[in-house]
Each structure stands twice: as C-alpha cells, then as structure tokens.
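The values are calculated or read from the model by the stated rules, or taken from the named source; none is laboratory data. Since this is a predicted model, take the numbers as computed values, not measurements. Counting neighbours? That spans all protein chains shown, and the Cβs are built from the backbone with ideal geometry, glycine included.
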C-alpha cells in the first residue's frame, strides 16, 4: 500500500539541517524498495495558493493557512500496512525537529 509522509517543521528549525541526512534516508528507502518518490520544498514564502469559487480563479501569495509548522517536503513510500509506514516515517530525519503526517493513498474510482 502507498503512504504519503508529509514533513512539517518550523522553517527556522530546518535551517542548517543537513541535506545529506535526508538524502541518506531516501537512498536507504530506495535501496529497500520502499521509496516511490521524495522531494524537499522551497520555503513557504515561495508558495502561491489558488482557489476556484463560482468559476472565478483567486490567487494569493503564501500558504493556505498561517501555522507554526510548514510543509517542508514529502516521501511517497510503499509499506505493507500503517504500522510499517509509521516505522519508516520515524526514520525520516526532520521528524526530530518537526512532525511527519502519514496518510494512506486513496485510489480514485473510475
């Protein structure tokens, strides 16, 4: 089953956080066959939020909501079940300074 591990952290906590740790984590997950994709995101100041209401497009600078922790990146993984996904997520380095939201991927119905 596929799970999305969303990495949240206060951006200041990630300043100076070694990219090499995240890359090593990704390499290990890839080698085990559990990694599908992973990416780090640019700072939240680069975000743009788009909404469509009543056929009208509205675009605003910044994230959807002001929060203490921002979405910093993601890992899309393959795991047998939630327990295994949580064990994998616990190894994601930014979990030490932020949080990892683990959510199963829902297959869209045709």
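Of note:
- Members of the range 45-68 that are surrounded by 11 or more Cβ atoms within 10 Å (Cβ to Cβ), modelled with pLDDT of 85 or more and farther than 24 Å from residue 105 by Cα: 60
- Any hit, the range 32-41, residues being more than 13 Å from the chain's Cα centre (by Cα) and at positive phi: yes
- Screening residue 77 with (1) under 30 Å from residue 32 (Cα atoms); (2) out of contact with any strand residue (DSSP E or B) (no Cβ under 8 Å at 6 or more places or on another chain); (3) modelled with pLDDT of 95 or more gives one miss only, at (2).
- Residues in the range 74-108 that are surrounded by 15 or more Cβ atoms within 10 Å (Cβ to Cβ) and farther than 24 Å from residue 42 by Cα: 78, 79, 84, 85.
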